[in-house]
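Taking it in order: structure first as structure tokens, then the write-up.
The values are calculated or read from the model by the stated rules, or taken from the named source; none is laboratory data. As the structure is a computational prediction, the values presented were derived from the model and not from experiment. Positions of Cβ are backbone-derived with ideal geometry, glycine not excepted, and every protein chain shown enters the neighbour counts.
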Amino acid sequence: MNPLAEELNAILDGTVAGRLLSTLGRRFYFPRGIIAQSAEAKQSAHAANATIGMAYREGKPLILSSIADSMPTLTAEEAVAYAPTAGVEKLRRVWKDLIVQKNPSIDPDTISLPVVTPGLTGGISYTADMFLDEGETILASEPCWDNYGLIFSTRRNANMRGVPYFGKNHGSGLDMAAIEKAAGEAAAQGPLVMILNFPNNPSGYSPTCKEAGAFVSIVEKIAQKGKDVLIICDDAYFGHFYEEEIYRESLFSRFARLHENVLAIKIDGPIKEEYVWGLRMGFITFGGRGLEPEHYEALTKKTMGAIRSSISCANTPAQHFVLKALEDPRSAAEKEGFQELLRRRYHAVKKFVNENPAPPSLRALPFNSGYFMSFHCQGISAENLRRELLANHGIGIVALGEDYVRVAFSSLDEEKIPAVYRTIYDTAAGLGTAPALAAH
Ligand SMILES: Cc1ncc(COP(=O)(O)O)c(C=O)c1O
């Protein structure tokens, strides 16, 4: 049990609430992770707040005009009526068309109609409810988004295994040999279940075309041996690509047609793609070679059961706002503008990292996409570095455990980037040094 859960249980033990907690209730806790650290940074990060997984400009979130304008214009039906359990039908069709547009190798007849979920988090959690049993293993990147632990380990009581994606030396890309080894070991024990999150949170890395091909062949070999495979593609940051060599489609498009033993699930949504984080909307889409419309219908109904039994249905106005934004002719150009803003920040960070030698205690993980980049802390505590930056410099970053810090350039104005990174380097250097390439 997580020590934070134990702390909460100890407080409640001896009360009626403590006696009544279920075993799941006893496992719940609130991590001292991204959300808690962001709240702290909100108070104290007066110089720069790079904790936020949103795109900010001059202290305010970016917002598309269509979203801002349509807030007061919704009809009663769009504003307060219950939405269908699987989501507004038109929105589901529009989103499916967009998936196919962004991933041209997908044949629309071979995937399901997306189901609306309350944020991508809802989609990931329902997927875990449906496909992950207690004690079953799921592979995720190491490091990974901190909520995976809460969803897979705490809620589902599954065994989440982190795969060191970037190897000991943090080369320029993925350590495909380590990924293949972990996948083979997991497949020897039961079905292979993997969550792939690209662009990755927290590293900001997306696979090259060659790495995408390697992923596919690892899974194909396992499926050909008769093993069942579930690939969950968490595409939260899809489309935020800054380098030419990146594989431009979701890996879902490859896995959805790969082999009869492979089920691919795409979790995506407008949250990061359309800049509407607080609207809490995501989608689940299924794809698997050999699956027919009746199978997709059954999977959709099961997902609806998961939704109905938890939140009943997703938020109605959010679905109509997103539909309006997707159909508004102004959105494409505005999104390109926002994308350019993020791209410029990415290049400013790359320039700093390439031109300035990092202290031996910090090693940047490869990054080429998304909202973030991360450093592996070697011989210093990530949490100490975070605290020092916040307390003494008013700079907010996120510590992921003791080994990694994440910097959200999505929320850092471009002109602040060199000074923020200089302060991170100097502060890390002041905390001490470690032998280069300490064990990962
Ligand atoms: C990797 C990853 N997956 C999923 C999510 C969840 O997104 P949502 O806010 O739509 O629940 C996030 C949010 O930060 C994320 O970083």
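Would you kindly identify the helices (runs of 4 or more DSSP H) lying entirely within region 61-151 that contain at least 1 residues that are over 18 Å from Met194 (Cβ atoms) and within 16 Å of the ligand (Cβ to nearest atom)?
65-70, 89-102, 119-131
What is the one condition in (1) in contact with a Pro (Cβ under 8 Å, 6 or more places away or on another chain); (2) more than 14 Å from the ligand (Cβ to nearest atom); (3) of a type in the set (Phe, Trp, Tyr) that Tyr242 does not satisfy?
Failed condition: (1).
Mind listing just one residue for me: the one in region 150-164 that is modelled with pLDDT of 95 or more and within 20 Å of Phe375 (Cα to Cα) and, of those, surrounded by the fewest Cβ atoms within 10 Å (Cβ to Cβ)?
Gly162
Answer yes or no: is there a residue in region 374-395 that is crowded, with 18+ Cβ neighbours inside 10 Å, within 16 Å of the ligand (Cβ to nearest atom) and under 30 Å from Glu244 (Cβ atoms).
Yes, because at least one residue in region 374-395 is crowded, with 18+ Cβ neighbours inside 10 Å, within 16 Å of the ligand (Cβ to nearest atom) and under 30 Å from Glu244 (Cβ atoms).
Does region 187-209 include one or more residues that are out of contact with any Cys (no Cβ under 7 Å at 6 or more places or on another chain), away from the ligand (no atom under 15 Å from the Cβ), small (Gly, Ala, Ser) and modelled with pLDDT under 95?
Yes; the residues of region 187-209 include at least one that is out of contact with any Cys (no Cβ under 7 Å at 6 or more places or on another chain), away from the ligand (no atom under 15 Å from the Cβ), small (Gly, Ala, Ser) and modelled with pLDDT under 95.
So which residues in region 1-40 are of a type in the set (A, V, I, L, M, F, W, C), under 17 Å from Gly401 (Cα atoms) and in contact (Cβ under 8 Å) with a residue 60 or more places away in the chain?
Ala5, Ile34
Which members of region 217-248 meet the condition of being farther than 22 Å from His376 by Cβ and surrounded by fewer than 18 Cβ atoms within 10 Å (Cβ to Cβ)?
Hits for region 217-248 are Ser217, Glu220, Lys221, Gln224, Lys225, Gly226, Asp228, Gly239, Glu244, Glu245, Arg248.
I need every pair where a residue in region 117-129 that is of a type outside the set (A, V, I, L, M, F, W, C) has its Cβ under 6 Å from the Cβ of a residue that is surrounded by fewer than 22 Cβ atoms within 10 Å (Cβ to Cβ) and not in a helix (DSSP H, G or I), sequence separation at least 6 or different chains.
Pro118/Arg280; Pro118/Ile311; Gly119/Arg280
Taking the stated definitions as given, is Gly167 modelled with pLDDT under 95 and either outside any helix (DSSP H, G or I) or surrounded by fewer than 19 Cβ atoms within 10 Å (Cβ to Cβ) (or both)?
So Gly167 passes the test.
Can you pull out the residues in region 94-132 that are more than 25 Å from Phe152 (Cα to Cα) and not hydrophobic (A, V, I, L, M, F, W, C)?
Within region 94-132, Lys96, Asp97, Gln101, Lys102, Asn103, Pro104, Ser105, Asp107, Pro108, Asp109, Thr110 meet the criteria.
Can you pull out the residues in region 199-222 that are touching a Pro at 6+ places or on another chain (Cβ under 6 Å) and either in a helix (DSSP H, G or I) or under 24 Å from Ala158 (Cα atoms) (or both)?
If the condition is that a residue be touching a Pro at 6+ places or on another chain (Cβ under 6 Å) and either in a helix (DSSP H, G or I) or under 24 Å from Ala158 (Cα atoms) (or both), then Pro202 is the only one that fits.
Regarding region 321-339, can at least one residue be identified that is within 15 Å of the ligand (Cβ to nearest atom) and surrounded by 20 or more Cβ atoms within 10 Å (Cβ to Cβ)?
yes
Any residue that is within 16 Å of the ligand (Cβ to nearest atom), within 20 Å of Val94 (Cβ to Cβ) and buried (at least 24 other Cβ atoms within 10 Å of the Cβ) - is there at least one of those in region 284-298?
Scanning region 284-298, I find at least one residue that is within 16 Å of the ligand (Cβ to nearest atom), within 20 Å of Val94 (Cβ to Cβ) and buried (at least 24 other Cβ atoms within 10 Å of the Cβ), so the answer is yes.
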